[in-house]
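The values are calculated or read from the model by the stated rules, or taken from the named source; none is laboratory data. On a predicted model such as this, the values are computed, not experimentally measured, just so you know. Every residue, glycine as well, gets a Cβ built from its backbone with ideal geometry; the counts of neighbours run over all protein chains shown.
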Amino acid sequence: MDKKFLTGQAILLAAGESSRFWPLSEKRHKSLIKIMGKSLIEWTIEAAAKAGIKDIIIIQSPNTQIEKYLGDGGLFGVKLSYLVQKEAKGMGDAVMQAESLIKDSFFVLNPYNFNADKFLKLMIAKQKETKTEMVLLGARTDKPWNYGMLKLEKDKVLAIVEKPVPEEAPSDIKATNIYLLPKNFFSYYRRVKEHTYAYEDALALYMKEQDARVVIASEGTPSLKYPWDLFKTNQLMMDALIKKPKIAKNAKIAKNAKIDGLVWIEENCVIFEHAVIKGPCYIGRGCTIGNNTLIRKYTNLEDGVIIGANAEVTRSIFQANSHTHSGYFGDSIIGENVRIGAGTITANVRTDRREIQPVVKGKKVETKLTALGAIIGDGAHLGIAVNLMPGVLVGVNTKIGPNTLVRENVPSDTLCYTEFKNVVKKSVKPDKNNLNPGAR
């Protein structure tokens, strides 16, 4: 590593409110969601350390939840420092909080880049090769209207065009969420007007006056804007990390249970008779899988999850200590400490097979997904035989009564149930022609 250009520092941006990530963001920052036994921010710190980044500055919100969770970084072999962004004023303001701690060029990245080490190493190499202090990570996209798009001359970045219509996009390369910036970036930021895209304006101003380069990502880079974005992150992680089966020695697996493919089963798990698990899947510590239950590909069960007998779970993510009886859970995300009664079904496909558009902050959101189940917040309790329509969001600590059809989002701390107006009871005269009604 050329110390002239890089001091091994990075800023992790973890202060945003993530309101579009509700209900999973109500009790924690989204980077504290766990996949394969660790929070996303832990995976990111470990990846940064692999690339030689040993001094990490985390920008957090005033509740300091992340600092309490991670500590000083000793467990990761890095130094963690924490700064508070008092108000959510955007990415540029968050980066500016760290100015006094920055020694030379530095990385800026979001705290859910489990595979960041590959990209950081490529960006360091590009910096050393070109003697250029600003290096961006780019990726191809066919949706330019969602991103800042790069105007390029070979690997040189000339400008960023923010969310252009397709015919005005300068290339098919978007700026991703990893940046290598020079120390004097702060002076460029102070020269632009503060607003939502001030960070991008500062980048553009630097590119106009100085040299900037791009590295094109050859594989997926995680992005977490909405809860269902976790499915892509989960799939990327399992494809990258689960290369062969792994079963803990003290896991108790019935002889006639079937473990098929790339499956990780952690310590103290119990897999009952006739259960089937088809990988890639992750089963965390102390999980229980009941009799005749089917766990299908890309399912992630965190520590202490119980899936009862006669259930089916596919492409779903369960956070720690959530329990369910029989039922179907497809393309769904279940928060921590959720309790789900028998016979619950998360519908994950529309009958017309059209795109599912959940309602976020009062507006329907395009997902490009034709399979999407329910997103259920921490501490929710669902009674028996609850049916949830595709794309429904259920809030934290909400209680849903038995035999309820959930057709729309349910806020947090809400009691939701079906009110049965009448129960009909009629006497029935015996059938004289059937003296033994129990016989067949």
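Going through (1) modelled with pLDDT of 90 or more; (2) of a type outside the set (Gly, Ala, Ser); (3) not in a loop (DSSP other than H, G, I, E, B) one by one, ARG191 falls short only on (3).
Give the range 330-356 a look and list any residue that's assigned to a strand (DSSP E or B) and among the polar types (S, T, N, Q), or say none. Across the range 330-356, the qualifying residues are THR344, THR346. Taken as a whole, the structure leaves THR176 outside the set of residues that are among the polar types (S, T, N, Q), in a loop (DSSP other than H, G, I, E, B) and within 22 Å of ASP117 (Cβ to Cβ).
Of the residues making up the range 266-300, those that are in a loop (DSSP other than H, G, I, E, B) and among the polar types (S, T, N, Q) number 4.
Across the range 85-134, the number of residues qualifying as among the small types (Gly, Ala, Ser) and over 24 Å from the mean Cα position of the chain (by Cα) comes to 4. All conditions in (1) free of Cβ contacts under 8 Å to residues at least 24 places away in the same chain; (2) β-branched (Val, Ile, Thr); (3) over 20 Å from ASN250 (Cα atoms) hold for ILE334, with the sole exception of (1).
A residue that is surrounded by 16 or more Cβ atoms within 10 Å (Cβ to Cβ) and over 30 Å from ARG353 (Cβ atoms) can be found somewhere in the range 404-412. Out of ALA202, ALA175, report the one residue that is assigned by TED's automatic domain parsing to the domain that holds LYS118, over 20 Å from ASP104 (Cα atoms) and surrounded by 14 or more Cβ atoms within 10 Å (Cβ to Cβ). The conditions single out ALA175.
Check whether at least one residue in the range 234-249 is at pLDDT 95 or above, in contact with an Asp or Glu (Cβ under 7 Å, 6 or more places away or on another chain) and over 24 Å from GLY335 (Cα atoms), and report yes or no. Within the range 234-249 (the criterion being at pLDDT 95 or above, in contact with an Asp or Glu (Cβ under 7 Å, 6 or more places away or on another chain) and over 24 Å from GLY335 (Cα atoms)), the answer is yes, since at least one residue qualifies. Quick check on the range 37-61: of everything there that is closer than 30 Å to ARG315 by Cβ and surrounded by fewer than 18 Cβ atoms within 10 Å (Cβ to Cβ), which residue is farthest from the chain's Cα centre (by Cα)? So, considering only residues that are closer than 30 Å to ARG315 by Cβ and surrounded by fewer than 18 Cβ atoms within 10 Å (Cβ to Cβ), the one farthest from the chain's Cα centre (by Cα) is LYS50.
So, in the range 355-380, exactly how many residues are surrounded by fewer than 17 Cβ atoms within 10 Å (Cβ to Cβ) and more than 15 Å from ASP331 (Cβ to Cβ)? Number satisfying all stated conditions: 7. Can you find, within the range 285-312, the residue that is surrounded by the most Cβ atoms within 10 Å (Cβ to Cβ) among those that are over 15 Å from ILE253 (Cβ atoms) and in contact (Cβ under 8 Å) with a residue 60 or more places away in the chain? Looking at the filtered set, the residue picked out is ASN300.
Yes/no per residue for (1) part of a loop (DSSP other than H, G, I, E, B); (2) over 30 Å from LYS368 (Cβ atoms); (3) touching a strand residue (DSSP E or B) at 6+ places or on another chain (Cβ under 6 Å):
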site	(1), (2), (3)
ARG213	no, yes, yes
PRO227	yes, no, yes
THR233	no, no, no
MET237	no, no, yes
LYS243	yes, no, no
LYS249	yes, yes, no
ASN256	yes, yes, no
ILE259	no, yes, yes
TRP264	no, no, yes
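Just one of the listed residues (ILE340, ILE307, ILE317, ILE334) is within 12 Å of ASP378 (Cβ to Cβ) and not assigned by TED's automatic domain parsing to the domain that holds HIS29, and it is ILE334. Annotation note: of PRO280, PRO227, the sole residue that is without any contact (Cβ under 8 Å) to a residue 60 or more places away in the chain and either buried (at least 18 other Cβ atoms within 10 Å of the Cβ) or within 29 Å of PHE21 (Cα to Cα) (or both) is PRO280.
Looking across the range 130-146 at every residue that is in contact with an Asp or Glu (Cβ under 8 Å, 6 or more places away or on another chain) and over 18 Å from GLN210 (Cβ atoms), the one that is surrounded by the most Cβ atoms within 10 Å (Cβ to Cβ) is identified as PRO144. From the list VAL360, VAL338, VAL365, VAL349, the lone residue that is aliphatic (A, V, I, L, M) and touching a helix residue (DSSP H, G or I) at 6+ places or on another chain (Cβ under 6 Å) is VAL360.
Checking every residue in the range 238-246 against the condition of being under 26 Å from the mean Cα position of the chain (by Cα), surrounded by 19 or more Cβ atoms within 10 Å (Cβ to Cβ) and touching a residue at least 60 places away in the same chain (Cβ under 8 Å) gives at least one match.
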